[in-house]
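Colleague: Dropping a structure here in C-alpha cells format, bear with me for questions.
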Amino acid sequence: MTKLDRNDRLVRLGLLMIALSAISVLAIITIFIFEQGTPIMFKYGFRSFFLGRDWYPSEKSFGLLPMIVGSLMVTFGALIIGVPLGLASAIFLTEFSHRRLSRILKPVIELLAGIPSVVYGFIGLMFLVPFIRERFGGPGLSVLAASIILGIMILPTVISISIDAIRAVPDSYREGSIALGATRWQTVRLVVLPAARSGIIAGIILGMGRAIGETMAVIMVAGNAADIPGSILAPVRTLTSNIALEMAYASGEHREALFATGVILFIIIMILNTMANVTSARQKKK
Amino acid sequence: METMEAKRRRETMSAGWPSASATRMTATLLFILLSVIIFFPSCRQGRSGHNLVVAGSTSVQPFADKWAEVFMEKRPDMIVDVQGGGSSAGIQAVKTGAAHIGMSSRELKEDEMDLFQIEVAHDGLAIIVHPDNPLDNLTIDQVKSIFVGEITTWETLNGQKKPITVVVREEGSGTRGAFQELVMGKSRITKKAIVQDSNGTVREIVSRDPQAIGFISLGLVNDRVKALALNGVAPCEEAILKKEYKLVRPFLFLTKEAPTGLAKEFIDFVLSPEIQELVHKEGLIPVKKEQGSKL
C-alpha cells in the first residue's frame, strides 16, 4: 500500500513538473515580450504608438494606429462574413437536417480547421484577389479579400461551438414551444437561440481570436500597406502582419517596436479571452 | 473475485514505476530540447580554426551560400557557415567578431568605414511593370514621384486612366534600402503602397496586376514582368558597367582588418574567374578583376 502511494506521488510530481514547465514557458514568453516591447513605448510615449499614423521605423516614427485599425477592421469583416454563415450552418445541422446528413457534414466542416492557413492565403491570392481586382477595382489585395478569407477560416470554430451550445438546449424547451403551436423556425428563433445565446457568443469570440491572430493568410491577401484603409477595397496591414513582415531585417529600435506591436496584440487578445471566459462562465451559472 | 481484480489492478499500477520515471525523463528531455532551441543561436560563434562564419545581407546570402558550397567542395576540411540577418546585422557581427566576414548590400555609412571592404559583385535594381503595360521608359524623377505618391494614375505616363498600384518591399529590407537611397533620397515612400516581404512576391504581384509597378533585384527579372529603362538607359550589363544605369548597388564582403588566413582564402576564391563567372550566370554583375587584385 505504502509503495503504491509513493508511486502515485511520483507520477503526480512528474505531471506537475510537466504542467509547470508548460506554464512557465508561457510566463517566460509574456515577460520577454513586455521586457522587450515596453521600454521603447516609454521612450517615445504611449500616445505616439497608439495614435501615431506614420509607420516609418527607419525614421523613428512608430505609429501603430493603422495596424490597430487594420486588425479591428479585418476581424470585424471576418465576423460579418463568418458569423451569419456559421450560425446558419449550425442551426441547419442541429435543427433541420437529417441526423445522417449532419453526421457526414460536421466532420467535413471540422476538416476545414485542419487546412493550413498558407493554403487559404494561396487560394485567396490566386483566385479571390484577381476576382476582386477585376470586378470591383483597386489592387485586389484588400480589406475585403482578407475579411472573406478570415471569414471562411473562422467557420469551423463558430460552427462547432454553436452546435454544442444549441445541442445543450434541453429538448423539453422545443417540445413545449411546438406544443404551444409555434413552427420549427419560430421555435429556433424565439426559444432555442436565446437559450443557447451565451454559448454562441463564446464561439463567436473564439472565432474573433482566431481572426485577429491569423498572420500568414492575411499577409498574402491584404496588401500590407501601413495606412488606415479608406475603403474595403484598399490594402490593409494588421498587427500580426506587421511583426511577421518586418522581423527578418529589423534591428535595434525597429525590432523593439515590433515587440511593442506584440505587446498591443497581447493586450487585445487578453481582452478578447477574458470576454469569452466571462460569457461562458455566465452560461454555466444558468 | 473482486479482491483478485483489485490486486491485479494494483500490480499494473505499481508497474507504473518505470512509467513515472519515463514521464520525468520526457520532461527532462523536453526541458533540454527547449533550452537548446532557446540558447542554440547564441552558442554558434564559430570560432574554431576551420570554421568560417559569413553573415549579413539577405540579398547576398543566397549567392554566398552557393559560393560557399563550391568552396567547400574544393576544401572539404573547411566549414563555411553562411547566415542572414541583414546588412546592418552583418556589419555589427564583423565589428563584434561574431562573424569573420560580413556581407552588406549597401554602401557603408561613415561610422562603419573602419571596416575593410571588398566588392564581390554588383546588383542592379529593376523597376518592373506588367508586360502588357505599353510604357518602356521613365525618368528617375518620374519613378520618384510615383513612389512618393504624387503621380497616382497612369494617365500622364501611358495614357491609361487607371490608378497605379505601387508595390514595395518592407521596412528594413536591403532592396528597399537600396531603392530608398538610389531613388527616393530623403523622401518617404507612400503609405498607400502595397508591401511584400520578398523579391519573389513583388514580382508575382506585378506580373498579375496590369496597373502595378514595383522594384526587384535585377538578377530576378524574368519574362513575366517588364523591366523599364531609366532616363533612356535599359538595365543591361553594359550600361551598368559603364555606370550609365543608375540603380546599382554593391555586394560587399567586410572584414575587421585586412583579410588573412581562411577569410582571405574564401574572398580570393569568390573573386576568382570561376566564381565571378557563376556570379554572372546568376544575374549579378561581376566585379572587374583589378578590384580583386587590390588585396
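The values are calculated or read from the model by the stated rules, or taken from the named source; none is laboratory data. These numbers were taken from a predicted model, which means no experiment stands behind them. So basically every Cβ, Gly included, is an ideal-geometry build from the backbone, and we count neighbours across all protein chains shown.
Colleague: Report yes if A:Pro66 is within 14 Å of chain B (Cβ to nearest Cβ), part of a loop (DSSP other than H, G, I, E, B), closer than 29 Å to A:Leu258 by Cα and not small (Gly, Ala, Ser), otherwise no. Reasoning before the result, please.
Modeller: Details: within 14 Å of chain B (Cβ to nearest Cβ): yes; part of a loop (DSSP other than H, G, I, E, B): no; closer than 29 Å to A:Leu258 by Cα: yes; not small (Gly, Ala, Ser): yes.
Considered against the rule, which asks whether it is within 14 Å of chain B (Cβ to nearest Cβ), part of a loop (DSSP other than H, G, I, E, B), closer than 29 Å to A:Leu258 by Cα and not small (Gly, Ala, Ser), A:Pro66 comes out as no.
Colleague: Moving on to the next point. In this structure, is B:Lys161 away from every other protein chain (no Cβ under 14 Å), out of contact with any Lys or Arg (no Cβ under 9 Å at 6 or more places or on another chain) and charged (D, E, K, R)?
Modeller: No, not satisfied.
Colleague: Looking at the stretch A:125-144, is at least one residue more than 19 Å from A:Ala276 (Cα to Cα), in a helix (DSSP H, G or I) and among the small types (Gly, Ala, Ser)?
Modeller: Scanning the stretch A:125-144 turns up no residue that is more than 19 Å from A:Ala276 (Cα to Cα), in a helix (DSSP H, G or I) and among the small types (Gly, Ala, Ser).
Colleague: Filter the stretch A:202-227 for residues that are assigned to a helix (DSSP H, G or I) and among the polar types (S, T, N, Q) and give the result.
Modeller: none
Colleague: Here's another thing I want to ask about it. Does at least one position in the stretch A:227-243 carry a residue that is in contact (Cβ under 8 Å) with a residue 40 or more places away in the chain, among the small types (Gly, Ala, Ser) and crowded, with 24+ Cβ neighbours inside 10 Å?
Modeller: So far as the stretch A:227-243 goes, yes, one or more of its residues are in contact (Cβ under 8 Å) with a residue 40 or more places away in the chain, among the small types (Gly, Ala, Ser) and crowded, with 24+ Cβ neighbours inside 10 Å.
Colleague: Right, next: With the structure loaded, tell me whether B:Ile91 is crowded, with 20+ Cβ neighbours inside 10 Å and of a type outside the set (Phe, Trp, Tyr) or whether it fails that test.
Modeller: Criteria met by B:Ile91.
Colleague: Taking B:Thr190 and the conditions (1) under 14 Å from A:Gly223 (Cα atoms); (2) of a type in the set (Ser, Thr, Tyr); (3) crowded, with 19+ Cβ neighbours inside 10 Å, which numbered condition does it fall short on, given that it satisfies the others?
Modeller: If we test B:Thr190 against (1) under 14 Å from A:Gly223 (Cα atoms); (2) of a type in the set (Ser, Thr, Tyr); (3) crowded, with 19+ Cβ neighbours inside 10 Å, just (3) comes out false.
Colleague: Going by what's in this entry, would B:Asp77 be described as outside any helix (DSSP H, G or I), free of Cβ contacts under 8 Å to residues at least 60 places away in the same chain and surrounded by fewer than 15 Cβ atoms within 10 Å (Cβ to Cβ)?
Modeller: Yes, satisfied.
Colleague: Which of the residues that make up the stretch B:96-120 are surrounded by 17 or more Cβ atoms within 10 Å (Cβ to Cβ) and among the β-branched types (Val, Ile, Thr)?
Modeller: Listed by number, the residues that qualify are B:Ile101, B:Ile118, B:Val120.
Colleague: While we're looking at this one, here's another question. Search the stretch A:71-111 for residues being among the aromatic types (Phe, Trp, Tyr) and over 16 Å from the mean Cα position of the chain (by Cα), and hand back the single one that is nearest to A:Thr238 (Cα to Cα). Let's see the steps before the verdict.
Modeller: So the first thing to find is which residues in the stretch A:71-111 are among the aromatic types (Phe, Trp, Tyr), and the list is A:76, A:92, A:96.
Retained after the next criterion (residues that are over 16 Å from the mean Cα position of the chain (by Cα)): A:92, A:96.
Working: A:Phe92: 33, A:Phe96: 38 Å.
Across the stretch A:71-111, the extreme among qualifying residues is A:Phe92.
Colleague: I've got another one for you. Going through the stretch B:202-245 one residue at a time, which ones are in a loop (DSSP other than H, G, I, E, B), of a type outside the set (Ser, Thr, Tyr) and in contact (Cβ under 8 Å) with a residue 24 or more places away in the chain?
Modeller: B:Asp209, B:Pro210, B:Gln211, B:Val221, B:Asp223, B:Arg224, B:Val225, B:Leu228, B:Asn231, B:Gly232, B:Pro235, listed by residue number.
This table checks each residue for (1) free of Cβ contacts under 8 Å to residues at least 40 places away in the same chain; (2) surrounded by 12 or more Cβ atoms within 10 Å (Cβ to Cβ); (3) within 18 Å of A:Gly213 (Cβ to Cβ).
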| residue | (1), (2), (3) |
| --- | --- |
| A:Gly77 | no, yes, yes |
| A:Ser89 | no, yes, no |
| A:Ser97 | yes, yes, no |
| A:Arg100 | yes, no, no |
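Colleague: Give the residue that is surrounded by the fewest Cβ atoms within 10 Å (Cβ to Cβ), with candidates limited to residues of the stretch B:246-264 that are part of a helix (DSSP H, G or I) and in contact (Cβ under 8 Å) with a residue 40 or more places away in the chain.
Modeller: B:Leu262
Colleague: Taking into account only those residues within the stretch A:246-277 that are among the hydroxyl-bearing types (Ser, Thr, Tyr) and part of a helix (DSSP H, G or I), which is nearest to the other protein chains (Cβ to nearest Cβ)?
Modeller: It comes out as A:Thr261.
Colleague: Next question, about the same structure. Within the stretch A:19-63, track down each residue that is within 14 Å of chain B (Cβ to nearest Cβ) and not in a helix (DSSP H, G or I).
Modeller: A:Gly52, A:Arg53, A:Asp54, A:Trp55, A:Tyr56, A:Lys60, A:Ser61, A:Phe62, A:Gly63
Colleague: Could you check A:Arg100 against (1) modelled with pLDDT of 90 or more; (2) assigned to a helix (DSSP H, G or I) and say which number it fails?
Modeller: (1)
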